Amino acid sequence: MREKATFGAGCFWNTEDEFRTLSGVLETSVGYMGGHFPNPSYLDVVARITGHAEVAQIEYDPTQISSD
């Protein structure tokens, strides 16, 4: 069984790295959510002109780790 959770946290690179170290986390990916700018690049987002948040999404096994 797999479940997904998405976390917004300032910078997604460190967030993703931390999740990868946890037992029960099966996959990670990063991207942007929200905003008003179509198809933003990383530089657009960090320039704070798009309204997007950087997010890390994880797929995890809820029998090994909880979303709490």
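The values are calculated or read from the model by the stated rules, or taken from the named source; none is laboratory data. Quick caveat: nothing in here was measured; it's all calculated off a predicted structure. Here the Cβ positions follow ideal geometry from the backbone for every residue, glycine too, while neighbour counts run over all protein chains shown.
What to note about this one:
- Flag if Gly10 is in contact with a His (Cβ under 8 Å, 6 or more places away or on another chain) and either loosely packed, with under 13 Cβ neighbours inside 10 Å or charged (D, E, K, R) (or both): no
- Of the residues making up segment 6-49, those that are β-branched (Val, Ile, Thr), within 22 Å of Pro62 (Cβ to Cβ) and in contact with a Phe, Trp or Tyr (Cβ under 9 Å, 6 or more places away or on another chain) are Thr15, Val25, Thr28, Val30.
- Qualifying residue in segment 21-29 (condition: loosely packed, with under 11 Cβ neighbours inside 10 Å and modelled with pLDDT of 90 or more): yes
- Against the numbered list (1) of a type in the set (Asp, Glu); (2) surrounded by 13 or more Cβ atoms within 10 Å (Cβ to Cβ); (3) in a strand (DSSP E or B); (4) without any contact (Cβ under 8 Å) to a residue 40 or more places away in the chain, Asp44 comes up short only at (3).
- Within segment 47-68, restricting attention to residues that are in a strand (DSSP E or B) and of a type outside the set (Phe, Trp, Tyr), the residue that is surrounded by the fewest Cβ atoms within 10 Å (Cβ to Cβ) is Glu59.
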